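Following: one structure in structure tokens, then a few remarks.
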Amino acid sequence: MSKDTINLRDETKFEIEVFYNIFWVSANILGHTRYTNEDMKSIVLLSPSQKQSKINNLYEAIQLYQASKFKRIIDNVRIIEEETSNIWVYHKNGFDSVRTNEGCCAASSNWLSYILNDNYDEIGCFGFCQSDGNGHITNYIRHNGWYYFLDITMQGYDSAQIGIENGNLDDFYVNEVFGYIFKAKCFENYIDFCLNIYSNPPILFYKTNQSECVCIGTEYIWQADNEKNLYNLLQKSNKTLFYRNSVEILYSINNNAEFRDKTAVEPNWSKIKSFDFCTLSCQKV
């Protein structure tokens with residue numbers, strides 16, 4: 001039975017330099033899968049902790065992510081911290097991302113960090129912010145002295161721009177580049193690669209100090225509206241706020257990142273209903 005996925009090819013193994021010290025690699029560089037796609041249908045039905053114990057490498061994790069048909073939605077929760085007026089954007093943790101089977105890019109990244117916990121030397125989230133206030137969160141894996149980078153949201157079963165892992169450079173340059181997996185000796189090399197690829201280069205890159213990304217903040221102030229006898233909440237700056245010691249800043253233009261000792265109260269993700277994975281057997285592939 002097949003072990004190939006929408007984009008992964010179990011028998012195709014390669015490492016190709018596509019930029020200075022940046023290698024396009026196949027997922028099985030980090031381990032071959034032990035499961036067929038039919039096997040994954042059974043693993044999908046397990047609890048989050050059972051799934052975590054069953055998955056031993058990146059290939060298997062992507063198999064599970066696709067077999068689960070993880071739904072990409074905007075589920076960030078914004079909460080104001082009253083004393084400072086800062087607004088903190090919270091991301092669903094890995095356990096609840098697996099349990100609910102849906103979430104934003106941060107939830108997907110936390111999903112992967114949770115599923116692959118303790119399987120490699122280190123795994124965490126690698127994020128960036130742009131000058132317009134937008135941002136994105138992906139993953140990195142450290143293994144045997146190398147760093148591996150991937151955007152798990154691009155590995156989704158419904159990703160329209162996903163490219164097949166075939167080692168063909170003609171295909172590589174046609175498809176969405178960040179739908180692939182990359183290998184680098186250090187973060188600096190990968191950041192140089194990203195800055196070269198993006199048409200609107202990020203102004204901030206960071207990595208989480210823990211395996212998951214929890215919250216990111218923005219400065220706001222209350223401004224009096226004397227005519228209407230009320231206060232409006234206005235953005236004070238474009239600075240990106242982080243809880244102290246939660247991330248490491250890897251690259252920043254104009255020092256636009258700051259740390260805070262206080263955040264808002266994290267939402268209770270357990271209140272969200274669990275996804276019924278049994279319904280997947282009734283869905284068309």
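We did not get these values from a lab; they are worked out from the coordinates using the rules stated. These figures come from a predicted structure and were not determined experimentally. All Cβ positions, even for glycine, are placed from backbone atoms using ideal geometry, and neighbour counts span all protein chains on display.
Values as computed for the structure displayed
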quantity	calculated
Relative contact order (%) - the chain, alpha-carbon pairs under 8 angstrom, separation at least six	19 percent
Convex hull of Cα atoms in the stretch 118-268, direction-averaged projection (nm²)	13.0 nm²
Most mobile of Tyr35, Tyr231, Tyr206 in a GNM of the chain (Cα contacts under 10 Å)	Tyr231
Expected-Rg normalisation [2.2 N^0.38 Å, Cα atoms] applied to the stretch 1-147	1.16
Translational D in µm²/s for the chain (Stokes-Einstein at 10 °C, 1.306 mPa s, Kirkwood Rh from C-alpha pairs)	79 µm²/s
Local electrostatic count, Tyr180, Cβ distance below 11 Å [Lys/Arg +1, Asp/Glu -1]	-3
Highest-MSF residue in the chain out of Gln130, Gln63, Gln223 [GNM, Cα springs under 10 Å]	Gln223
Positive-end residue, the stretch 135-262 charge dipole about Cα centroid, Cβ charges, pick of Asn168, Leu204, Val247	Val247
Acute angle (nearest 10 degrees) that the helix 105-115 long axis makes with the longest principal axis of the chain, alpha-carbon atoms	50 degrees
Helix-only [θ]222 nm of the chain, DSSP H runs n ≥ 4, -39500 (n - 2.57) each, per residue, nearest 500	-5500 deg cm²/dmol
Partner lysines for Lys271 [C-alpha distance under 28 Å; skip if fewer than 8 residues away on the same chain]	Lys41, Lys51, Lys54, Lys69, Lys71, Lys92, Lys262
Estimated translational D of the stretch 1-70 in µm²/s (Stokes, Kirkwood radius over Cα pairs; 37 °C; 0.692 mPa s)	255 µm²/s
Furthest towards positive pole of dipole, Ile181, Ser68, Ile123, structure part the chain, Cβ charges	Ser68
Relative contact order [Cα under 8 Å, 6+ residues apart], the stretch 127-230, whole percent	28 percent
Farthest toward positive dipole pole in the stretch 36-152 [+1 Lys/Arg, -1 Asp/Glu at C-beta], among Ile152, Ala106, Ser42	Ser42
Rounded FRET efficiency, nearest 0.05, which uses the C-beta distance separating Ser270 from Met1 and R0 of 30 Å	0.25
Around Ile197: net Lys/Arg minus Asp/Glu count, Cβ-Cβ under 13 Å	-3
